Amino acid sequence: MHKKSKESEFNDYWNSQAEFWAKNIHEGMDTFRDLFSLPAFLTFIGDIKDKKILDVACGEGNNTRMFAKQGANIIGVDFSEKMLQIAQEEEKKKPLGIKYYNASWSNLSLFKDESFDIVLSTMALMVWHGYEDALKEFYRVLKPNGELFFSIIHPCFLTPGYTTLKDEHGVSTHRVVSNYFKEGPWEFTWTLSKKADKSDGQPFTSMSYHRTISTYINNLLKVGFMLKEIREPQPSDEACERNQRLKISRDVAPSFLFVHAIKYKG
């Protein structure tokens, strides 16, 4: 009996979680995404109107639809057939001109060289074992001076074995970091919840792959990208007022890392 490949294992896992994930996303249970990471990322990438964009790791298409609403000509790619099925069903209900394709993030051979103005990937590359191969494909499909934007959980503060300390109301107030240099697979669990006390919480575990910040950036440079900007976003005061769970990302340590790189051709 042959052992399953890492990609097959990832595919099986996300296919099994697709309906649960999409249901909670559609019901607004991902507070960190809705109030914080996605609005911040949209600000980070700026004007994308009329740009030809590849959204890698598009999942159920929630973020892809947001990018399309900014006026982008967008294609979504994911390895999970179930996630793509949900995305395609939503496109049929509310057409935005998005095309979806099933492909490995590390093998985008269905697209020609220099096909896209921008490659986007939101909150996904930290779960992918083939980060270096994915970067090579991103570089290949980008036009000269094309741009790469991606977001990940912050590798310095959300490490294998990290813990949080909470106040008397159950709100996280401190992060305790450990095993930062322990690169490799780990399970990252968080709670999908609208409420600060998580009384409506739905735990979700993602198969992840930890890397140090130097591994992320040095591999980017090795492939040939020029680093343009990194950003460690903080939630707005308004967002923190709406949900106190976000305060840890404003007052203690960043939860996310945003990266902007260019396929520079002078």
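The values are calculated or read from the model by the stated rules, or taken from the named source; none is laboratory data. Here the structure is a predicted model, which means the values were calculated and not measured. In this analysis, Cβ positions are derived from the backbone assuming ideal geometry, glycine residues included, and neighbour counts consider all displayed protein chains. Protein only, heavy atoms only, side chains kept; ligands, DNA and RNA dropped before computing areas. Shrake-Rupley method; radii C 1.70, N 1.55, O 1.52, S 1.80 Å.
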If only one of Leu220, Leu192 is modelled with pLDDT of 95 or more and open to solvent by less than 30 Å² (accessible area, probe 1.4 Å), which one is it?
Leu220
Output the residues belonging to the range 120-174 that are among the aliphatic types (A, V, I, L, M), part of a loop (DSSP other than H, G, I, E, B) and closer than 18 Å to Ile213 by Cβ.
Met123, Ala124, Leu158
Number of the condition not met by Tyr264 [criteria: (1) surrounded by fewer than 17 Cβ atoms within 10 Å (Cβ to Cβ); (2) under 26 Å from Leu35 (Cα atoms)]
(2)
Tell me which of these Leu142 doesn't satisfy, since it passes every other one: (1) open to solvent by less than 10 Å² (accessible area, probe 1.4 Å); (2) hydrophobic (A, V, I, L, M, F, W, C); (3) out of contact with any helix residue (DSSP H, G or I) (no Cβ under 8 Å at 6 or more places or on another chain); (4) within 22 Å of Leu246 (Cβ to Cβ).
(4)
Which residues, counting only those in the range 233-255, are under 18 Å from Trp190 (Cβ atoms), open to solvent by 20 Å² or more (accessible area, probe 1.4 Å) and either under 17 Å from the mean Cα position of the chain (by Cα) or not basic (Lys, Arg) (or both)?
Gln244, Val252, Pro254
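Look at Thr205 and say whether it is of a type in the set (Val, Ile, Thr), in contact with a Lys or Arg (Cβ under 8 Å, 6 or more places away or on another chain) and not in a helix (DSSP H, G or I).
no
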